[in-house]
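Visitor: Attaching a single structure in structure tokens format; questions to follow.
Please treat every number below as a calculation from the coordinates, not as lab data. Here the structure is a predicted model, which means the values were calculated and not measured. In this analysis, Cβ positions are derived from the backbone assuming ideal geometry, glycine residues included, and neighbour counts consider all displayed protein chains.
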Amino acid sequence: MKYADVNGKLADYRRQIATIREKMRETAATVEPQEVKDYEFANIDGPVRLSELFGHHEDLILIHNMGVSCSYCTLWADGYNGIHQHVVTRAAFVASSPDRPTVQKKFAESRGWKFPMVSHAGSTFAADMGYVSAKGGWMPGVSVFRREGHTIMRVSDTGFSPSDDFCTLWHFFDLLPGGIGEWPMKPTHAGP
């Protein structure tokens, strides 16, 4: 197929995706929020509650990160670093993982991450939010919370997987003639 013909077809698919995204936003707006408790996490300064993670915002975007042993989670987090300064103009943003705060701090510094991190180690938070597999393994994703007075509600969430919308790298690779091809995901860390 000629370049212009393919581009026209791809533009049509992108319009269809945009239409579906709008329908998804409309559907998401009808969800009944799920009230959650004020979970306790830990950061490098000590215990911190979910309610404190909002700062001055009424909305909080919380990343369910699997920790330093997950190369994919590191790849996603590298991307958050670039948008963090923009996100916090609209909502609070934090990444949560099972790693100890000292491990998180060391790894975040090694990657140049600027966003805050908390540890959910020893709590039921990840499991309660649906980010622990049936076999007990961590799962990646994002939950969005809203705080109204002393009440905290989860208003949306979605899991992450390779080729999702939360990692722009996949979309750039999609533009290459061979797509992702045999790209070797390299380990980012051997573990804590």
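Visitor: Kindly express, to the nearest 10 degrees and within the range 0 to 90, the angle between helix 3-28's C-alpha long axis and the longest C-alpha principal axis of the chain.
Guide: 30
Visitor: Follow-up question, since we're still on this one. Please list, by residue number, every one of the trypsin sites (Lys or Arg not before Pro) in region 1-84 that is coil in DSSP and has at most 13 other beta-carbon atoms within 10 Å.
Guide: K2, K37
Visitor: Going by Cβ distance under 4.7 Å, what cysteines of the chain have no possible disulfide partner?
Guide: C167 - these cysteines have no disulfide-compatible partner (Cβ-Cβ under 4.7 Å) in the chain.
Visitor: Return the loop-located GluC sites (Glu not before Pro) in region 92-192 (DSSP other than H, G, I, E, B) with at most 10 other Cβ atoms within 10 Å of their own Cβ; answer none if there are none. It would help to have the intermediate numbers written out before the result.
Guide: Numbers: sites: E109, E148, E182; in loops: E182.
Taking region 92-192 and a limit of 10 other Cβ atoms within 10 Å, the loop GluC sites (Glu not before Pro) found are E182.
Visitor: Just going by the charge dipole of the chain, with Lys and Arg at +1 and Asp and Glu at -1 on Cβ, which of Q85, M185, I152 is farthest out on the positive end?
Guide: M185
Visitor: Output the Kirkwood hydrodynamic radius of the chain, Cα pairs only, in Å rounded to one decimal.
Guide: Over the chain, the inverse of the mean reciprocal pair distance is 18.3 Å.
Visitor: Hey, with R₀ at 45 Å, roughly what FRET efficiency would A127 and D5 work out to, going by the Cβ-Cβ distance, to 0.05?
Guide: 0.35
Visitor: In percent, what relative contact order does region 34-175 have, based on Cα pairs under 8 Å that are 6 or more apart in sequence? Walk me through the numbers on the way to the answer.
Guide: On the way: 239 pairs, mean separation 41.8, N = 142.
Once normalised by length, the contact order is 29 percent.
Visitor: Antiparallel versus total DSSP beta bridges in the chain: what percent is that, nearest 5?
Guide: 75
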